[in-house]
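The structure appears below as structure tokens.
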Amino acid sequence: MKKPVLFLLMMIIASIVLAKDVKAITDNGKTVILHENGTWEILINENSQNNFDFKKTNWGVDKSNVRKSVPAEYKSALNKATLYANTMQMSKRGVYNQLVSEYGEKFSAAAAQYAIDNVEACWGANALAKAKNYQDTMNMSPASIHDQLTSEYGEKFTQAEADYAILHLND
């Protein structure tokens, strides 16, 4: 019993020590490379990487693919969701709550749900970015960071997203 556990522990340590960049798969199947400096990029295909200029990109919202039959409110909600997800590294639930909040954007629940269903974001990468920020700026422990990431009053990431962030916190 001790040998498999020791082997697994050695494999985890080796992967942490040897891996500088981390690959993550988004909910819609895209591969995202998380760099050790906190930046990330979407892997276009396995043979070439595309470095985005984050200030110039439209964060995956291809306006030609947004059908004209989609109501303006839904399009606006999607644009706001993209902004919150990809510049503020918010969680899926955090973005939704901000979109429908009477103190936030005040979109209808249907428009907010459309935005959440169509936004291109890597929620795991967002959780990791938030975790690294808490570690670097507030010197929080991994357990405290995990609690903050999953808290109803905090970031509202899923347990899996927070677990991923903590696992890769020191990559």
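Restricting to region 146-168, name every residue that is assigned to a loop (DSSP other than H, G, I, E, B) and either surrounded by fewer than 22 Cβ atoms within 10 Å (Cβ to Cβ) or assigned by TED's automatic domain parsing to the domain that holds R93 (or both).
At the first step, the residues of region 146-168 found to be assigned to a loop (DSSP other than H, G, I, E, B) are 151-158, 168.
Residues satisfying the conditions are S151, E152, Y153, G154, K156, T158, H168.
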### Task
Collect the residues in region 117-171 that are in contact with a helix residue (DSSP H, G or I) (Cβ under 7 Å, 6 or more places away or on another chain) and among the hydroxyl-bearing types (S, T, Y), keeping them in residue-number order.
Y134, T150, Y164
### Query
Of the conditions (1) hydrophobic (A, V, I, L, M, F, W, C); (2) outside any helix (DSSP H, G or I); (3) out of contact with any Gly (no Cβ under 9 Å at 6 or more places or on another chain), A127 fails just one. Which one is it?
(2)
### Message
I'd like the full set of residues that are in a loop (DSSP other than H, G, I, E, B) and hydrophobic (A, V, I, L, M, F, W, C), limited to region 101-110.
### Response
F107
#### Entry: Selected residue [outside the structural domain of T31 (by TED's automatic domain parsing), part of a loop (DSSP other than H, G, I, E, B) and surrounded by 16 or more Cβ atoms within 10 Å (Cβ to Cβ)] from Q98, Q113, Q89
Q89
### Query
When residues of region 84-112 are filtered for being within 17 Å of F157 (Cα to Cα) and either among the charged types (D, E, K, R) or out of contact with any Gly (no Cβ under 6 Å at 6 or more places or on another chain) (or both), how many remain?
15
### Of the criteria (1) at pLDDT 95 or above; (2) surrounded by 14 or more Cβ atoms within 10 Å (Cβ to Cβ), which one D171 fails
(1)
### Task
Could you figure out which of (1) at pLDDT 95 or above; (2) assigned to a loop (DSSP other than H, G, I, E, B) isn't true of A143?
(2)
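The values are calculated or read from the model by the stated rules, or taken from the named source; none is laboratory data. Predicted model only: the values in this text are computed from it and were never measured. For neighbour counting, all protein chains shown are included, and Cβ atoms are generated from backbone atoms with ideal geometry for every residue, glycine included.
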